[in-house]
Structures are given as structure tokens and as C-alpha cells.
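Reviewing the structure listed below.
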Amino acid sequence: VPVRKKGKLPWKTSSKSYSLEYGENTLEIHQDAVKPGERVMVIDDLLATGGSAAATVELLKEIGAEVVCVTFLIELDFLNGRAAIDCDKIHSIIHYSFSVLNWYFPKCLFGKDYDPKRSNHQNCDHK
């Protein structure tokens, strides 16, 4: 059952708006996608702040679904996104901590002198 950004699905939809770090977004689902009482597992690629996953769970519950589990391929643990999701069972296959990202990405993408406290990659060679 697809849950998509507003305007991407044909037919009659139900929607849920949620806040982003930089604004607001809206997700939609077909009104007839799930029958009341159906058990649903949500699968997504990335759990960061949890906004879109939380909105998806709320949207499914509003149309009558029972959300039994939310699963992600990757979770950015340091953002604590799972705290925003109203589900008892949340699973992720790959977990990244800040220390891993801080060590790996700056060095491999931005060079050894990268300073994460400076914005816009001011001290990177690839500007």
C-alpha cells in the first residue's frame, strides 16, 4: 500500500501533515487502501527524525488499520526518531551512531580537515 507525498496518488485520498526541520510536508494514502481492523506493517528505507514514519502510522490508524510493526533498512540512532513513532515494535537492520558518521563521512567525502561545526562545507575542496 503506497503512502506518498501530496498530489502523487490518483483517486480519493486521506492525508496527514507533519513538521520537518525546514517546514512542513503532507503524506497521502488511498482511502480504500486498508480495511478497518487490517493488520499493517510499515516498511521504509530510512529512520531519521521520525516525522514521516510517525505521520504514516497516524494516517494508517485514522483509516482503521492496526499498525503491528514499523521496520527500516537504516536508522540514524543519534536523531532518536523512534521516539516520535506511536508503535510498540520498531525494527531497523542497520544502525548508525553519530560517532560513526562523524568519523566516516567527513573523512571520505570532505577530506581530513573537514570541521562539522562550520556550515556549507567551507573548508572542503569540492565546493
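The table below gives the values:
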| read-out | value |
| --- | --- |
| Too-long pairs where the Cα-Cα distance tops 20 Å, listed order kept, from K16/K61; K12/K89; K5/K89; K12/K61 | K12/K89; K5/K89 |
| Per residue accessible area in Å² of region 31-78, where ligands, DNA and RNA are left out and the probe is 1.4 Å | 49 Å² |
| Residues in region 60-90 that a label on E38 would reach, taking backbone N under 14 Å of a point 7 Å out along Cα→Cβ | 60-68 |
| Where labels lie 7 Å past Cα in the beta-carbon direction, separation of E24 and H95 in nm | 3.5 nm |
| Qualifying chymotrypsin sites (Phe, Trp or Tyr not before Pro) for region 11-58 [loop in DSSP, other Cβ within 10 Å: at most 11] | W11, Y22 |
| Gain on full stretching of the segment that runs from S14 to K61 - 0.36 nm per residue minus C-alpha separation | 15.8 nm |
| Peptides ranked, highest mean first, by Cβ atoms within 10 Å: ranges 67-73, 90-96 | 67-73, 90-96 |
| Region 1-88 - share of DSSP beta bridges that are antiparallel (%, nearest 5) | 55 percent |
| Region 24-75 - charge dipole about Cα centre, Lys and Arg +1 at Cβ, Asp and Glu -1, debye rounded to 20 | 180 debye |
| Those GluC sites (Glu not before Pro) in region 17-46 that DSSP places in a loop and that have at most 16 other beta carbons within 10 Å | E21, E38 |
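The values are calculated or read from the model by the stated rules, or taken from the named source; none is laboratory data. Since we're looking at a predicted model, the values are computed, not measured. A quick note on method: Cβ atoms are made from the backbone with ideal geometry, for glycine too, and the neighbour counts reach across all protein chains shown. When the accessible area is computed, the model is the full protein with side chains, heavy atoms only, and any ligands, DNA or RNA have been set aside. Shrake-Rupley method; radii C 1.70, N 1.55, O 1.52, S 1.80 Å.
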